Amino acid sequence: QVQLVESGGGLVQPGGSLRLACAASGFTFSRYAMRWYRQAPGKERELVAQITDAGNRPNYADSVKGRFTISRDNAKNTVYLQMNSLKPEDTAVYYCYCPGLGSWGQGTQVIVSS
């Protein structure tokens with residue numbers, strides 16, 4: 001069955017970096033666009049970044065442009081989110097999502113705090 005498993009979250013100081021990974025299985029990963037969402041406590045889930053099946057034309061939320069980079073390795077069935085210059089307001093649970101299949105991962109917690 002379709003599985004999306006996120007990893008790489010944790011506690012980081014403001015200004016620091018993290019790289020999230022989402023390992024996919026159960027479908028032909030290279031045929032599907034992928035997205036990263038996040039949900040902060042008490043807030044709605046928001047789209048952070050998305051990438052096409054071929055790995056081009058990435059799009060970002062205005063709040064993360066210039067700091068986050070989405071990428072993918074179709075040979076490894078994995079999508080990444082490189083997060084730099086992290087701010088406390090980036091604290092959230094981060095989810096990967098396959099819009100073509102309507103499938104979500106379980107999420108990984110990111111906490112940005114000194």
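The values are calculated or read from the model by the stated rules, or taken from the named source; none is laboratory data. Please read these numbers as outputs of a predicted model, since none were measured by experiment. Here Cβ is always computed from backbone atoms with ideal geometry, including for glycine, and neighbour counts include all displayed protein chains. Protein only, heavy atoms only, side chains kept; ligands, DNA and RNA dropped before computing areas. Shrake-Rupley method; radii C 1.70, N 1.55, O 1.52, S 1.80 Å.
Would you kindly derive the ³J(HN,Hα) couplings of the stretch 89-102 from the backbone phi angles with the Karplus curve 6.51 cos²θ - 1.76 cosθ + 1.60 (θ = phi - 60°), listing them in order in whole Hz, with x for Gly and Pro?
6, 7, 4, 4, 8, 9, 10, 9, 8, 9, x, x, 10, x
Antiparallel as a % of all DSSP beta bridges within the chain, to the nearest 5?
The answer is about 90 percent antiparallel.
Kirkwood hydrodynamic radius of the chain from all distinct Cα pairs, in Å?
Values: mean 1/r = 0.0719 Å⁻¹.
After inverting the pairwise mean of 1/r, the radius is 13.9 Å.
Taking Cα pairs under 8 Å and at least six residues apart, what relative contact order does the stretch 14-114 come out at, in percent?
So the answer I get is 34 percent.
Using the Cβ atoms and a cut-off under 10 Å, what net charge is assigned to the surroundings of residue 50, where Lys and Arg are +1 and Asp and Glu are -1?
+2
Over the chain, with every protein chain in place, what whole percent of the accessible area is carbon and sulfur at 1.4 Å, could you tell me?
Solvent-exposed carbon and sulfur of the chain make up 44 percent of the total.
So between residue 46 and residue 87, what do we pick up on full extension, going 0.36 nm a residue minus the alpha carbon distance?
13.1 nm
Going by a 4.7 Å Cβ-Cβ cut-off, which cysteines of the chain have no partner at all?
98
What ranking do 17-24, 84-91, 47-54 get when scored by the average of other Cβ atoms within 10 Å per residue, highest first?
Answer by packing, highest mean first, reads 17-24, 47-54, 84-91.
Which whole-number value in Å² is the accessible area per residue of the chain, probe 1.4 Å?
For the chain, the solvent-accessible area averages 52 Å² per residue.
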